[in-house]
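Chemist: Pasting a structure here, questions to come.
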Amino acid sequence: NTIKGEALALRAYIHFDLLRMFAPSPAAAGTNVSAIPYVAVLSPYATQVSTTGAVLDQCLADLQKSLSLLSNTDLVTSKITYWGVKGLLARLYLYKGDLTNAQANALEVINSNKFPLFDNSSFNVANDLMFPKEHLFSLYSYSTISNGYYKTVLNTNPPLGFSVLNQTALFVTGSGATGDRRRAFVDPATGGVNISITNANVSPRKFYGAYTNALPMIRMTEMYYIAAECATA
């Protein structure tokens, strides 16, 4: 039951992401436009393209079925569980424009009190930069692969990294460099660049070291954003 529940949830997750990537959103074009195929059977033949609404309905059917197969006591976040499915339902309903169900699912996750938000008093810069306690669902990533990828994206020209000059200008305020928590999130020593160059690009620490293995797919913070967006007062 658990394996089937996870498989159904992942099928919905992947198709929903494909829908968002390759079809217009319901807010832009409604739900009756041609979107993507929803592959639910193994076949050598191509699956017929469905409308946005049909794909969303099939995603919802898979997710509801997966809930009946998964245990709400399983809190292993390196796989998709009952609570990951609830978070995905909140995301999907919001995308569909069903604010009532989006809020209901988000609040169910929030009110479960199983995924605490970042707590400054217990923050550990050596282990917590990905805020793993806030993950509803995350993937395991081999750091030897991801480190090289992140360096390519963040340190090449044109770079997306954060220069030493810019991070100092942004984060050094009043009490100095140690006074701003965000300063701990960027570190020239982990960026794979020559830190003697004032304007060299550095990478966020969260992409290096032990914490790089957890790639968050659904976070607890998203549930608060969804609940707030769906609030009527």
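Chemist: When only residues in the range 107-118 that are part of a helix (DSSP H, G or I) and touching a residue at least 12 places away in the same chain (Cβ under 8 Å) count, which is surrounded by the most Cβ atoms within 10 Å (Cβ to Cβ)?
Modeler: Val109
Chemist: I would also like to ask the following. Can you list the helices (runs of 4 or more DSSP H) lying wholly within the range 1-106 that have 3 or more residues being among the β-branched types (Val, Ile, Thr) and surrounded by fewer than 15 Cβ atoms within 10 Å (Cβ to Cβ)?
Modeler: 2-22
Quick note: the coordinates plus some simple rules give every number you see, no bench work behind them. What you see is a predicted model, and the numbers here were worked out from it, not measured in a lab. Note: ideal-geometry Cβ built from the backbone for every residue, glycine included; neighbour counts use all protein chains shown.
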